[in-house]
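J.: The structure is given below, and queries will be raised subsequently.
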Amino acid sequence: MLLPRVIPCLDVRDGRVVKGVRFQGLRDAGDPVELAAAYAGQGADELVVLDVSATPEGRGHALEVVAAVRAVLPLPLTVGGGVREPDDAEALLAAGADKVAVNTAAVARPGLLDDLARRFGRQCTILALDAARSGDGWEVVVRSGRDRTGRDAIGWAAEAVDRGAGEILLTSWDRDGTGAGYDLELLAAMRRAVAVPIIASGGAARPLHMAQALAAGADAVLAATIFHDDRMSVSRLKAELAALGVEVRR
């Protein structure tokens, strides 16, 4: 069995890393190239770069940022934001991405996942799913959390996997940027529904939160604020996870 992954996330707007709470109130958090190099040096297993303004602004991903990050990053790189057609994904791959994440466009046209999987493979096709609590379940939110779709998040993930998604980047909208920990019920429900790897996102503030997410069914833990604000390096986080009994990659 593969060991769990620790994945820093760079939310990028206008060439700078930003961070907020529930995708709002974004503040500057640094230079993406400098942060990518630092996290690689600290022992990150992968990196995710999301252009958080591409879809709301109706444009493609800033390819120059991807290329610049790739130049300093010896790790697998997932990139998302502004992917509407397979050609958009191809441009990101040419710029240096290893995997491409899709969110809003796939909700609007689920066949995009089929197209991406056929053209680039399931291992390259990542569903970025933002889920918000709704009654006893969770609904899909899109356009950087601005629009609620009324669509069941668990059912959408299962359909996405059937269509070709090889991994789920699962963000709890309710927990994003709060430091309250991952939504463990959401993770457990998603784990029961899909067999592909799940990346837990939204709410991590300390190693215990990550250990809990992995125990709930996640295959990887993604975080931003804990790293960007220098609360903890990736290497220290891994050491503390190991102290909690979680075997991690070295």
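J.: For a quick check: with amide H placed at 1.01 Å from N, whose amide H comes under 5 Å from residue 5's, ignoring anything fewer than 5 positions away on the same chain?
T.: 220, 221
J.: Binning every alpha carbon pair distance of region 76-147 at 10 Å from zero, what are the percents per bin?
T.: The percentages, shortest bin first, are 21, 50, 23, 6, 0.
J.: Still on this structure, please answer the following. Could you give me the percent of Cα pairs per 10 Å distance bin for region 124-250, shortest bin first, beginning at zero and ending with the bin that holds the maximum distance?
T.: 13, 45, 32, 10, 0
J.: Near residue 43, within a Cβ-to-Cβ distance under 10 Å, what is the net charge of the other residues, with Lys and Arg +1 and Asp and Glu -1?
T.: So the environment of residue 43 carries a net charge of +3.
J.: Further, regarding this structure: Would you calculate, for the chain, the mean residue ellipticity at 222 nm contributed by helices, counting each DSSP H stretch of 4 or more residues as -39,500 (n - 2.57) and dividing by all residues, to the nearest 500? List each step's numbers first, then the result.
T.: On the way: 10 runs with 91 residues, N = 250.
Result for the chain, helices only: -10500 deg cm²/dmol.
J.: Let's test this: bin the Cα-Cα distances of the chain at 10 Å from zero up to the farthest pair and state each bin's percent.
T.: 8, 35, 40, 16, 1
J.: While we're on this one: Please list, in order along region 223-239, the HN-Hα scalar couplings obtained from phi with the Karplus expression 6.51 cos²θ - 1.76 cosθ + 1.60 (θ = phi - 60°), rounded to whole Hz, x for Gly and Pro.
T.: These are the phi-based 3J(HN,Hα) values: 8, 10, 4, 4, 8, 4, 8, 6, 6, 6, 7, 4, 5, 5, 4, 5, 5 Hz.
J.: Here's something else I'd like to know. Return the distance in nm (one decimal) between the two label points of a simple spin-label model at residue 148 and residue 235, each offset 7 Å from Cα along Cα→Cβ.
T.: Placing both labels 7 Å along Cα→Cβ, they lie 4.5 nm apart.
J.: Could you tell me the distance between the Cα centroids of region 128-176 and region 211-245, to the nearest Å?
T.: So the two Cα centres are separated by 23 Å.
J.: Now a separate question. Which value, in Å³ per residue, describes the convex hull spanned by the Cα atoms of region 151-201?
T.: Roughly 70 Å³ of hull volume per residue.
J.: Now for a different question. Among 239, 216, 226, pick out the residue whose Cα is farthest towards the positive end of the charge dipole of region 201-250, where Lys and Arg carry +1 and Asp and Glu carry -1 on C-beta, about the Cα centre.
T.: Sorting the options by dipole projection puts first 239.
Every number here is computed from the coordinates shown, using simple stated rules; none is lab data. All values derive from a computational prediction rather than experimental measurement. So basically every Cβ, Gly included, is an ideal-geometry build from the backbone, and we count neighbours across all protein chains shown.
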